[in-house]
1. By the scheme Lys and Arg +1, Asp and Glu -1, what is the net charge of all other residues having a beta-carbon under 14 Å from that of ALA77?
2. Looking at the stretch 48-136, which trypsin sites (Lys or Arg not before Pro) are DSSP coil and have at most 10 other C-beta atoms within 10 Å of their C-beta?
3. Only sites in a loop by DSSP and with at most 12 other Cβ atoms within 10 Å count here; which GluC sites (Glu not before Pro) in the stretch 213-289 make the cut?
4. May I ask you to give the solvent-accessible area per residue for the chain, in square angstrom, as obtained with a 1.4 angstrom probe?
5. Considering every Cα-Cα pair within the stretch 127-227, what fraction, in whole percent, is farther apart than 16 Å?
6. Rounded, prolate or oblate: pick one for the stretch 30-151, where a ≥ b ≥ c are the square roots of the eigenvalues of its C-alpha gyration tensor, a/c under 1.5 means rounded, and failing that, prolate if a/b is larger than b/c, else oblate.
7. Using only DSSP helix segments of four residues or longer, with each worth -39500 (n - 2.57), what per-residue ellipticity at 222 nm results for the chain after dividing by its residue count and rounding to 500?
8. With charges set only on the Cβ (+1 for Lys and Arg, -1 for Asp and Glu), what does the dipole of the stretch 1-91 come to about its Cα centre, in debye to the nearest 20?
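The values are calculated or read from the model by the stated rules, or taken from the named source; none is laboratory data. It should be emphasised that the depicted structure is a prediction, and the values quoted were computed from it without experimental measurement. Note that each Cβ is placed from the backbone with ideal geometry, even for glycine, and that neighbours are counted across all protein chains shown. Surface areas here come from the heavy atoms of the whole protein model, side chains and all, with no ligands, DNA or RNA. Shrake-Rupley method; radii C 1.70, N 1.55, O 1.52, S 1.80 Å.
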Amino acid sequence: MDTQSTIKPYVIGLDLGGTNSVFGIVDARGEIKATTAIKTGGFTSAEDYVAASVEALQPIIEQVGGIETIKAMGIGAPNGNYYKGTIEFAPNLPWAHDGIVPLAKMFSDKLNGVPVALTNDANAAAIGEMVYGVARGMKNFIVITLGTGVGSGIVVNGQLLYGHDGFAGELGHVIMRRENGRTCGCGRTGCLEAYCSATGVARTAREILSTTERPSLLRDIDPAEITSLDVSIAAEKGDELANEIYEFTGNMLGEACADFAAFSSPEAFIFFGGMTKAGELIMKPIRESYDKHVLKIFKGKAKFLVSGLDGSSAAVLGASAVGWEV
């Protein structure tokens, strides 16, 4: 951080998720001083989304002393290109699904020229964990975000893996089912995200309910309205079918992690997002499947951890850390 940090003591961090966008104003010690949020979807264009975001930001910017106190803004977003400040063909964002959106520039233009940097949302979560969470002191780990989609932030030798074009680490889009795979939002079939995201869990529930007559608490819910939270609640009540859904999901995640270990040999896999609230319902089958599928030279070496930061704090703080680098 430069000497301007004392003159402009805050940065804005934006965790731009498929469902919600959470903003935080963060100081140099990593304390979130104020927050606000809007729904990410429901906008017909990126311009409308940015306008709504800036409107929501105004009260908390004033709360910390006005735009003059803001040094920069950092954004963690799906399909975010760190090198270009763009969101490109993001399958879960209706206003960025079919093209390239120069989001960093759009926010900077609306915020009186404040510098804006952007990275992949899972990369932002990884930075947050490395600086403030359970990855402190680690130099090789993978953060896997389980939300509307499945994202990943890969840290190797203490550095985020970006690749030559800024898009390295799309582990949610590795193919897990080569035959008869589900269609994914990215347009391909059989992706990990299509099965192990929150929406994938709900999809698994609907498939089982529609193809069997087995009793389940989930039958009390309109199939179109079932969420991963409903599955978790039913599983905690001992619902056999709901527990099998988490077994299926965890088994696939563990199998995927076994493959991921082969290229970066991480010290830990860190899981982040709403689905981690299911606790051992999801973590136990992940560990068991990993042990079953991983190459022997990696067996027993990786930790399986849940994010040490509450809510969207990891991604907001990670995004803010990108802002301090501008």
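1. Numbers: positive: LYS84, LYS105; negative: ASP15, GLU88, ASP121, GLU170.
It works out to a net charge of -2.
2. Working: sites: LYS71, LYS84, LYS105, LYS110, ARG136; in loops: LYS84, ARG136.
Passing sites in the stretch 48-136 are ARG136.
3. Values: sites: GLU213, GLU225, GLU236, GLU240, GLU244, GLU247, GLU255, GLU267, GLU280, GLU288; in loops: GLU213, GLU267.
Qualifying residues, ordered by number: GLU213.
4. Working: 14440 Å² over 326 residues.
Spelled out: the 1.4 Å probe surface of the chain, per residue, equals 44 Å².
5. Details: 3309 of 5050 pairs.
The proportion of pairs with Cα distances above 16 Å equals 66 percent.
6. On the way: a/c = 1.77, a/b = 1.12, b/c = 1.57.
It comes out oblate by the Cα gyration axes.
7. On the way: 10 runs with 120 residues, N = 326.
Computed ellipticity for the chain at 222 nm equals -11500 deg cm²/dmol.
8. Values: 6 positive and 10 negative charges, 37 e Å.
Result for the stretch 1-91 is approximately 180 debye, rounded to the nearest 20.
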